[in-house]
Amino acid sequence: MKNLALVDLDGTLFNTTAINYSAYNEILKEFNCNIDYEYFEKNCNGKYYKDFISKIIKLDEKDYEYIHNKKKRTYCNYLKLAKKNDHLFNMLKLLKNNYYIALVTTASKKNAYEILNYFDEFELFDLILTQEDIKEKKPNPEGFLKAMEHFNISSDKTIIFEDSSDGIEAANKTGATVFVAEKF
């Protein structure tokens, strides 16, 4: 194959706002903190956890790590709240004959694998790159470039599906064709 389709997870393949909100809100209650859903959706979802949690509550570094690690464990309790982007999955399945399909996400490996398995979509992907595989978070294009390098496929033979401003910026930096997923 000479073509590559790269796709983001949160907000692109799945609307995971309710999962992430529920998991983070459950844990933040331990710190006597409650997040409004609309605030979370607008200011937190899809953002790096230290960036948004530090704006909600000031804590020690170890507490941010505690919250993040517990969120990864709690995430699976709320998988039923996810909304699957059936149209995009159908498109990727049609592309599969002519494109490698790779997931590039800043989500944790644990949470990415959980949601893909929950919806029985794990086998669609030829490569999965997660938070643990990528040093620089979006808008840095590292994850996309790493996937392109893995398959030895240039940007002119690559398409990227993204939804967030940071993800779109990272995708545009690669020179690939970028498709923007709207909120669903």
* Structure fact -> Of (1) assigned to a helix (DSSP H, G or I); (2) touching a residue at least 60 places away in the same chain (Cβ under 8 Å); (3) surrounded by 17 or more Cβ atoms within 10 Å (Cβ to Cβ), residue 160 fails just (1)
* To do: Six or more apart or on different chains, Cβ under 6 Å: which pairs go from a residue in the range 6-28 that's in contact (Cβ under 8 Å) with a residue 40 or more places away in the chain to one that's among the basic types (Lys, Arg) and in a strand (DSSP E or B)? Could you list them?
  => 14/84; 15/83
* Report the residue count in the range 56-97 for those that are β-branched (Val, Ile, Thr) and part of a loop (DSSP other than H, G, I, E, B). => 1
* Would a scan of the range 38-48 turn up a residue that is assigned by TED's automatic domain parsing to the domain that holds residue 126, surrounded by 19 or more Cβ atoms within 10 Å (Cβ to Cβ) and within 14 Å of the chain's Cα centre (by Cα)? -> no
* Would you check which residues across the range 98-120 are more than 15 Å from the chain's Cα centre (by Cα) and part of a loop (DSSP other than H, G, I, E, B) and list them? => 98, 119, 120
* Residue list for the range 169-180, filter: crowded, with 20+ Cβ neighbours inside 10 Å and within 11 Å of residue 138 (Cα to Cα) -> 170, 171
* To do: Go through (1) in a helix (DSSP H, G or I); (2) under 22 Å from residue 91 (Cβ atoms); (3) not β-branched (Val, Ile, Thr) and name the single condition residue 169 misses.
  => (2)
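The values are calculated or read from the model by the stated rules, or taken from the named source; none is laboratory data. Given the structure is predicted, the values throughout are model-derived calculations rather than measurements. Glycine also receives a Cβ, built like all others from the backbone with ideal geometry; neighbour counts cover every protein chain displayed.
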